[in-house]
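Asks: If you scroll down you'll find the structure; I have some questions about it.
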Amino acid sequence: MLQTAAPVALVPIERSPGYWATVWSRFRRDPVAVGAGLVVLALILMAVFAPLIAPQDPFKGMALRRLRPPGTDGYPLGTDELGRDMLSRLIYGARLSLFMGVTPVLLALGAGATIGIVAGYAGGWVNTIMMRIIDVFFAFPSVLLAIALSGALGAGIANGLISLTVVFIPPIARIAESVTTSVRTRDYVEAARASGAGPLRIIRTQVLGNVMGPIFVYAMSLVAVSMILASGLSFLGLGVKPPEPEWGLMLNTLRTAMYIQPLLCALPGLMIFLTSIAFNMLTDGLRSAMDLKA
Amino acid sequence: MSTPILEVVDLIKHFPLATGLLGRAGSAVRAVDGVSFAVQERETLGIVGESGCGKSTTARLLMQLIVPTSGAIRYQGQTVGTKALPLKEFRRQVQMVFQDSYASLNPRLTVEDSIAFAPTVHGVSGDQAVRKARALLDRVGLEPARFAGRYPHELSGGQRQRVNIARALAVEPRVLLLDEAVSALDKSVEAQVLNLLLDLKDEMGLTYLFISHDLEVVRFMSTQVLVMYLGRIAEVGPTEALYTASRHPYTTALLGSLLSMDPDNRRTQAPLAGDPPNPIDPPPGCRFHTRCAYAEPVCSTREPDLGGVGLAHAAACHMAHPGTGHSRAAGRVA
């Protein structure tokens, strides 16, 4: 056993700002990224407090006031094909659309990062076998795979989540594997091995801190893709089912009114566009803030 | 002679080359090809040689960071990896300092966390490990209050290498492997770190394996020197004997490459021409015969050995041993 150290009082020491503190201060100085972050925050708040913000019941329709244009008295963004208030439906739609965008990515981040880090750290034939299996999933275009999976599982929110999660595991695992492989051979990992630490401890203390940043940023860039895919599934009738307000589904049901009220049926698409652009710019800002020499 | 603290017997490491369907089966880079040596406690064994001669591979094999093709490593007479001496315990007794001071520190950990990591692996509590890290920082000449909370990129090369030395010493090892540990530092900082290493050695009773391509530094640090060429030992002996009366023409040529301190005695000719041969396909016989000024037919057919075990000063050269068939065998190398 090691002897205990010479008694040295733990005097206060000067601490440098850590990596994440530095990233945050760089991020704060990037107006585009901060703007995108505020938009994302606003969308999240809108989803959470939808019942308080929405002026009308998003499910209550009236045949007499169908397809009113934006600006109609009492319906600032008009009404949909069943006479429901568009503004309220768009606000409520943020709930399901964001949920369908973020949840599959989070689930895939957990599974994909685990697979990738294990494969990358193990190396050798373990890596080869794991990554070849992942490659099989890569062979399918992601849209096709999502449609095929949710088509096979049946429509519904849960099945949509499952199929989107499966679609996002391979790309995240790939990124995790390549980052981990590059970290694994660094001298500080060798030094940790030379100090007698086992693989789990090395992954936890030496590898994770150096790989989670890039993996997380990549996963965040998938949120926009996930939202668009989820909207696509809903559009095809595979994801969310009517009468739930969801932007993709709204786009689908309003499609028939394209020639009557073109502005109206562009609104859900505009929301999808705004959200995915905001997520993408936030991701870009984070990526450049994290691109430190250290 | 007492049991050496570290002993290496016939260590071999071949890196197999990836072969396609039509590739030659069984070809490999023979990075380390039959190396044996022993280090006595509190000695410093210097290992020198050109790039690619297997110095660093030997260090990584010793640390068990890569698995040897064959051969044994013994610590105080016990084979590493057996019940009597598990790998984890061996790694507490033997530690390593790497060449690249920046790459060998985790950029996301503060200096004190990097140093405190190894003791916690061996069961020291986090609080104790941090205390120990600060005491070691103090010992290697870095004021804990100023440096403990810093990240590696905020330190200079010399400061980082001091941190690496502290990190290696944190588990109280008996043997330190220094793999080109000062090679990347500029000369004045190098001298400070070398003096620190000498002080630490006296103070803690350490044994060093000092790997370097710098002949002057090795001479300054070492009590014994081992010269490697293409994965094999060319010559081994006490430092002064080897530097003043080398017995292997390769050692002589290496020492000849040192710049003369006397301007009237300038070196006009390069002592060694060309690069070492390819370690995938080393020359038959003596591996040095393709570049040796004294090469004779016997050198390309018979491989010389170090000649008998336990010799204090030995050279793997036909000229150093009588009766080998080399015309200069009886005499000494010029």
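Asks: Can you pull out the buried accessible area for chains B and A, both sides counted, probe 1.4 Å, rounded to the nearest 100 Å²? All intermediate terms of the calculation are to be shown ahead of the outcome.
Replies: Working: alone 16230 and 15960 Å², together 28550 Å².
That pair of chains buries around 3600 Å² in total.
Asks: Given a 1.4 Å probe and every protein chain left where it sits, what share in percent of the accessible area of region B:6-320 is carbon and sulfur?
Replies: C and S atoms contribute 51 percent here.
Asks: Could you give each residue of region A:219-229 its phi-based ³J(HN,Hα) in whole Hz, using Karplus coefficients 6.51, -1.76, 1.60 with θ = phi - 60°, and x for Gly or Pro?
Replies: The phi angles translate into 4, 5, 5, 7, 4, 4, 4, 4, 4, 5, 5 Hz.
Asks: Calculated from DSSP H runs of 4 or more alone, at -39500 (n - 2.57) each and per residue, what is the 222 nm mean residue ellipticity of chain A, nearest 500?
Replies: -23000 deg cm²/dmol
Asks: For chain B, what is the mean residue ellipticity at 222 nm derived from helices alone (per DSSP H run of n ≥ 4: -39500 (n - 2.57); sum divided by total residues; nearest 500 deg cm²/dmol)?
Replies: Working: 11 runs with 101 residues, N = 334.
Here the helix-only value at 222 nm equals -8500 deg cm²/dmol.
Asks: Magnitude of the Cβ-charge dipole of region B:6-320, K/R +1 and D/E -1, about the Cα centre, nearest 20 debye?
Replies: Working: 32 positive and 33 negative charges, 155 e Å.
The calculation lands at about 740 debye.
Asks: Take peptides B:131-141, A:224-234 and line them up by average Cβ neighbours within 10 Å, highest first, as a rough protection proxy.
Replies: Result, highest mean first: A:224-234, B:131-141.
Asks: Would you work out which of A:Tyr75, A:Ala139, A:Asn127 lies farthest towards the positive end of the dipole of chain A? Charges go on Cβ: Lys and Arg +1, Asp and Glu -1.
Replies: A:Asn127
Asks: Tell me the trypsin sites (Lys or Arg not before Pro) within region A:73-116 that lie in a loop according to DSSP and have at most 13 other beta-carbon atoms within 10 Å.
Replies: Loop-located and lightly packed - none at all.
Asks: Using a probe radius of 1.4 Å on heavy atoms only, what accessible surface per residue do you get for region B:6-320? Whole Å² is fine.
Replies: 42
Asks: Order these peptides, A:271-284, B:151-164, by their mean beta-carbon neighbour count within 10 angstrom, highest first.
Replies: In descending order of packing, they fall as B:151-164, A:271-284.
Asks: Based on Cβ point charges of +1 for Lys and Arg and -1 for Asp and Glu, what charge dipole magnitude is obtained for chain A about its Cα centre, in debye rounded to the nearest 20?
Replies: Numbers: 22 positive and 15 negative charges, 46 e Å.
In debye, rounded to 20, chain A gives about 220.
Asks: Something else: Residue by residue through B:132-140, how many Cβ atoms from other chains fall within 10 Å of the Cβ on average?
Replies: 3
Asks: Let me ask something else. Per residue of B:112-121, what is the mean number of Cβ atoms on other protein chains within 10 angstrom of that residue's Cβ?
Replies: 4
Asks: State the antiparallel share, in %, of DSSP beta bridges confined to the protein assembly as shown, rounding to the nearest 5.
Replies: 60
Asks: Between the DSSP loop rule and a limit of at most 16 other Cβ atoms within 10 Å, which trypsin sites (Lys or Arg not before Pro) in region A:8-61 are left?
Replies: Hits after loop and neighbour filter: A:Arg29, A:Lys60.
Asks: Report, to the nearest whole %, how much of the accessible area of region A:1-127 belongs to carbon and sulfur atoms, 1.4 Å probe, protein only.
Replies: 69
Asks: Going down the table (B:Lys55/B:Lys88; B:Lys13/B:Lys55; A:Lys60/A:Lys241), which pairs top 20 Å between alpha carbons?
Replies: Too far apart for the 20 Å limit: B:Lys55/B:Lys88.
Asks: Run through every distinct alpha carbon pair of the protein assembly as shown and return the Kirkwood hydrodynamic radius in angstroms, one decimal place.
Replies: On the way: mean 1/r = 0.0341 Å⁻¹.
Averaging 1/r across every pair of different Cα atoms and inverting gives 29.4 Å.
Asks: Scattering from the C-alpha atoms of region B:6-320 alone, worked out with Debye: what is log10 I(q)/I(0) at q = 0.08, 0.12, 0.13, 0.14 1/Å?
Replies: -0.40, -0.87, -1.00, -1.12
Asks: A follow-up question, please. Compute the accessible area of each residue in region A:7-54 twice, once for its chain alone and once with every protein chain present, using a 1.4 Å probe on heavy atoms, and list those whose area falls by at least 40 Å².
Replies: Relative to the lone chain, where solvent access is computed with a 1.4 Å probe, region A:7-54 loses at least 40 Å² at A:Val8, A:Leu10, A:Ile13, A:Glu14, A:Arg15, A:Ser16, A:Tyr19.
Asks: If packing is taken as the average number of other Cβ atoms within 10 Å across a peptide's residues, how do B:315-322, A:130-137, A:106-113 rank, most packed first?
Replies: Result, highest mean Cβ count within 10 Å first: B:315-322, A:106-113, A:130-137.
Asks: Quick one: grab Rg to one decimal and Dmax as a whole number for chain A, Cα atoms only, in Å.
Replies: Computed over the Cα atoms of chain A, radius of gyration and Dmax are 23.9, 86 Å.
Asks: Averaged across the residues of B:58-64, what count of C-beta atoms belonging to other chains lies within 10 Å of each residue's C-beta?
Replies: Mean shielding count: 1.
Asks: Which residues of region A:168-199 bury at least 30 Å² of accessible area once all protein chains are present, versus their chain alone (1.4 Å probe)?
Replies: Buried by the other chains: A:Asp187, A:Tyr188, A:Glu190, A:Ala191, A:Arg193, A:Ala194, A:Ser195, A:Gly196.
Asks: May I pose another question? When only Cα pairs under 8 Å and 6 or more residues apart are kept, what is the percent relative contact order across region B:6-320?
Replies: It comes to 20 percent, rounded to a whole number.
Asks: Once you put a point 7 Å from the Cα of A:Thr185 and another 7 Å from the Cα of B:Glu143, both along the Cβ direction, what distance in nm separates them?
Replies: 4.1
Asks: Here's something else I'd like to know. Relative to the isolated chain, which residues of region B:169-184 have their accessible area cut by 40 Å² or more in the presence of all protein chains (1.4 Å probe, heavy atoms, no ligands or nucleic acids)?
Replies: SASA drop of 40 Å² or more in region B:169-184: B:Glu172.
Asks: Can you compute the charge dipole magnitude of the protein assembly as shown about its Cα centre, using +1 on each Lys and Arg Cβ and -1 on each Asp and Glu Cβ, nothing else charged? Give it in debye, rounded to the nearest 20.
Replies: 1040
The values are calculated or read from the model by the stated rules, or taken from the named source; none is laboratory data. Bear in mind the structure is a predicted one, so any value in this text is a computation, not a measurement. For neighbour counting, all protein chains shown are included, and Cβ atoms are generated from backbone atoms with ideal geometry for every residue, glycine included. The accessibility values were calculated without ligands, DNA or RNA, using every heavy atom of the protein model including side chains. Shrake-Rupley method; radii C 1.70, N 1.55, O 1.52, S 1.80 Å.
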